[in-house]
Amino acid sequence: MFENNVTRRGFVTGAAAVAGLAGLSTIAPGLAGADPKIGDQHTDAEIRAAEAGALAMMTFQKIDGTPVYYWRSNRGNTTARNWQCTDAFYNALVAWIRDLRSLSSSYGSISYVVSAGFYVNKPGQHGAGTAMDLDHVRWSGGNTISPLDKHHASSNAAIRKRYLATEAVCRRRFRYVLDGWYNADHADHIHADFGGMPVRVLKDSESDTKFVQAVCNNFRGSGLVIDGDWGTNTQNAFNGLKSALGVTGDPHTSSSVWQGMLSKIATKGFANQNI
């Protein structure tokens, strides 16, 4: 009912939507190069205020049919909530959840997703309606992944692989993805946004480098320090990861090559397999 309900107040950002769909950073002028390290812990009151103040945002309760809940004020709550984002970002969310369904199909269907926020009246990508904070995913087969419970730091290797698989799917559709290895502010959720599109893996990106280091450590036992510094050891480990996955082409410059590599990482992670 709510997935196609678009609230129009003020002006319609049609050009922004077109730019977002094209994978460009012009959807939020001045934000594409912004440092995504700003705090994105959103209170229930802030999100409720956003419901009343969103400009030219669409309202949704589900992403492509999958319910999206909010647990920060009531763990386990399944009350429907109205979320906001731009049309273009919602289209990216649909592509993301379809990727997630496909790559984790052995787990069954996705029963629900839990988020800590999309549009929130704050600076940065959240304020532009082009960001998601992912707290939890549950599949019909009983499997879950819970950044909210700091699963990146789990003592269970299979859970850590599942966390990285889920993050890899986020990285297929969103340029800035910040995880529990990135910093303490993101220990309890995965942040994903449109800034700096298109998707690639960049050596000078702290977020990208830490993800690569975590993948190499958890899938290949590389023993890297997860410090965000793309040095010789990280390069060698990345070369080995690419070779083991049978990846050809340059994921640093080609979105399609990087997305394909991420799909292979996700497939291995959901199957709890080393690379």
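All of Gly269, Gly260 fail the test of being buried (at least 17 other Cβ atoms within 10 Å of the Cβ), part of a helix (DSSP H, G or I), in contact with a Gly (Cβ under 9 Å, 6 or more places away or on another chain) and not acidic (Asp, Glu), apart from Gly260. Tell me which residues, restricted to segment 80-98, are in a helix (DSSP H, G or I), open to solvent by less than 20 Å² (accessible area, probe 1.4 Å) and touching a Ser or Thr at 6+ places or on another chain (Cβ under 9 Å). Within segment 80-98, Ala88, Phe89, Ala92, Ile97 meet the criteria.
Yes or no, residue by residue, for (1) part of a helix (DSSP H, G or I); (2) at pLDDT 95 or above; (3) in contact with a Lys or Arg (Cβ under 8 Å, 6 or more places away or on another chain):
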residue	(1), (2), (3)
His136	no, yes, no
Tyr163	yes, yes, no
Thr166	yes, yes, no
Cys170	yes, yes, no
Asp188	no, yes, yes
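Search segment 189-205 for residues being free of Cβ contacts under 8 Å to residues at least 60 places away in the same chain and open to solvent by 10 Å² or more (accessible area, probe 1.4 Å), and hand back the single one that is farthest from Leu100 (Cα to Cα). Taking the candidates together, the pick is Asp204.
Say we look at segment 229-253 and pick out the residues that are touching a residue at least 24 places away in the same chain (Cβ under 8 Å) and assigned to a loop (DSSP other than H, G, I, E, B); which of these is most open to solvent (accessible area, probe 1.4 Å)? Applying the filter and picking the extreme gives Thr253. Of all residues in segment 143-158, those being touching a residue at least 12 places away in the same chain (Cβ under 8 Å) and over 19 Å from Ser115 (Cα atoms) number 3. Residue under question is Ser207, and the condition is that it be under 16 Å from His152 (Cα atoms) and of a type in the set (Gly, Ala, Ser); does it hold? Answer is yes for this residue. In this structure, is Asn121 outside any helix (DSSP H, G or I) and over 19 Å from Asp193 (Cβ atoms)? Here the answer is no, as Asn121 does not meet what is asked. Which numbered condition trips up Asn77, out of (1) open to solvent by 50 Å² or more (accessible area, probe 1.4 Å); (2) at pLDDT 95 or above; (3) of a type in the set (S, T, N, Q)? Here Asn77 meets the rest and fails (1).
Search segment 128-149 for residues being open to solvent by 10 Å² or more (accessible area, probe 1.4 Å) and touching a helix residue (DSSP H, G or I) at 6+ places or on another chain (Cβ under 9 Å), and hand back the single one that is nearest to Ala92 (Cα to Cα). Applying the filter and picking the extreme gives Ala128.
The values are calculated or read from the model by the stated rules, or taken from the named source; none is laboratory data. These numbers were taken from a predicted model, which means no experiment stands behind them. Note that we place each Cβ from the backbone using ideal geometry, even for glycine, and neighbour counts take in every protein chain shown. In case anyone asks, the SASA skips ligands and DNA or RNA and just uses the protein heavy atoms, side chains included. Shrake-Rupley method; radii C 1.70, N 1.55, O 1.52, S 1.80 Å.
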